[in-house]
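Here the structure comes first, spelled out in structure tokens, and everything after it is commentary.
Every number in this text was worked out from the coordinates using simple rules, so none of it is lab data. Everything numeric here is computed off the predicted structure, so don't read it as measured data. Cβ sites come from the backbone with ideal geometry, for glycine too, and all protein chains shown count toward neighbours.
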Amino acid sequence: MPYEGKDFGLIVQQAVADALGIDLEEAVPEATLLGDLDAESIDLLDILFRIEKASEVKIKVSDIAELLQGGIPDEEFADEDDIINEVGLAQLKKSLPQIDVEELAGKLTADEVLTLFTVQNLTDLVSERAALTTASA
Amino acid sequence: MPPSRQPLREPDAGWSPDRSALPPRVRTGVDLVEVARVEELMASHPELRERVFTPRELAYCDRRGRAGEHLAGRWAAKESVLKSLGTGMGPRMEWTDIEVVNELGGRPRLRLYGEVEAVARSLGMHHIDLSLSHSGGLAVAHVVMVCLPAAPDGAPAHTPHDRRRSA
């Protein structure tokens with residue numbers, strides 16, 4: 001069990017703090033990566049690689065949007081104006097449980113989705129990926 | 001050169017009738033990055049070099065006195081291409097799907113592969129051009145993509161939304 005005993009919460013927080021050059025206390029679970037913590041795409045690459053080294057869980061930048069969408073085809077996820085629809089919001093709620101679906105209904109555009117992504121969401125993603133890998137091993 | 005099918009004074013001259021109402025579209029992307037950030041990232045995680053840059057890009061940069069500036073320029077170029085596509089780092093895309101190569105005179109050119117190339121073609125990409133610069137510890141890249149209403153191979157061009165709906 002390669003992941004046994006690993007504290008993914010701490011691993012992710014540490015990776016975020018180290019990559020962004022901030023204190024561990026600032027990388028709180030509820031902080032959004034691109035919003036609150038001002039991470040840029042190069043920082044995301046750094047964070048994910050640090051997580052991979054510390055946890056052996058490999059997540060690529062290009063995996064994140066795909067995982068958030070949960071395999072739902074684009075045309076079923078958003079309407080013609082790229083506003084995330086009911087089906088899309090229900091899917092996002094699974095990966096981003098903190099979001100208020102009613103508040104975002106009819107407003108959330110596809111390019112805004114990643115700005116809702118928090119340190120905790122990343123931790124959950126890493127934990128899920130680890131569990132999947134373990135289950136298929 | 002064969003005579004134009006229509007008089008040149010006609011606004012549709014040079015265009016086939018079915019796309020006369022659809023002029024070429026220009027898509028653009030720009031990115032600015034701190035050279036030190038790229039240098040630091042590649043120094044702290046050497047394994048990332050091969051994931052982000054192609055062997056040809058690494059060979060070019062490593063031959064230069066200030067490899068970091070050239071790597072940063074190439075990072076900015078990759079980001080600029082993704083911005084011009086409007087997708088960001090989409091599913092199945094790899095950083096190495098975007099390669100900066102240099103002509104004999106040094107002028108940078110872009111080569112696209114894999115999923116990045118597929119998305120660019122679906123947008124009707126006809127030509128893509130790149131300019132790079134660095135100064136004061138920063139590297140900047142600017143990409144301009146010219147998209148035709150119909151892709152050069154005859155396939156219909158789509159907007160990102162159209163592409164999604166037809167996927």
Can you compute the charge dipole magnitude of chain A about its Cα centre, using +1 on each Lys and Arg Cβ and -1 on each Asp and Glu Cβ, nothing else charged? Give it in debye, rounded to the nearest 20.
780 debye
Can you tell me how the range B:23-67 classifies by the Cα gyration tensor, rounded, prolate or oblate, using a/c under 1.5 as the rounded cut?
prolate
Taking 7 Å along the Cα-to-C-beta vector as the label spot, tell me the A:E25-A:L67 distance in nanometres, rounded to one decimal.
2.9 nm
Of A:K58/B:K83; A:K6/A:K53; A:K58/A:K94, which sit over 19 Å apart, Cα to Cα?
A:K58/B:K83; A:K58/A:K94
For the protein assembly as shown, treating each Cα as an identical point scatterer without solvent, what Debye log10 I(q)/I(0) comes out at q = 0.08, 0.10, 0.12, 0.16 1/Å?
-0.42, -0.65, -0.90, -1.39
Check cross-link reach from A:K60 to the lysines: straight Cα distance under 17 Å, and skip same-chain residues fewer than eight apart.
B:K78
Tell me which lysines have Cα within less than 20 Å of A:K93's Cα, excluding those fewer than 8 residues away on the same chain?
A:K107
Diffing the range A:77-82: the Karplus 3J(HN,Hα) column from phi (6.51, -1.76, 1.60, θ = phi - 60°), in whole Hz with x for Gly and Pro, holds 9, 9, 8, 5, 9, 6
What residues qualify as long-range amide H neighbours of B:H126, i.e. H under 5 Å apart, gap of 5 or more or another chain, H built at 1.01 Å from N?
B:V146, B:C147, B:L148
So what J values fall out for the range B:38-43 if you push phi through Karplus, 6.51 cos²θ - 1.76 cosθ + 1.60 with θ = phi - 60°, rounded to Hz, Gly and Pro as x?
5, 4, 5, 5, 6, 6
Going by average Cβ density within 10 Å per residue, which order do the peptides A:56-67, A:11-22, A:99-110 take, highest to lowest?
A:11-22, A:56-67, A:99-110
Under unit Cβ charges (Lys, Arg +1; Asp, Glu -1), what dipole magnitude, rounded to 20 debye, does the range A:1-75 have relative to its Cα centre?
360 debye
For the range B:19-86 and the range A:59-118, what is the separation of their Cα centres, given in Å?
28 Å
Given H placed on each backbone N at 1.01 Å, which residues far from B:L138 in sequence or on other chains put an amide H within less than 5 Å of it?
B:V35
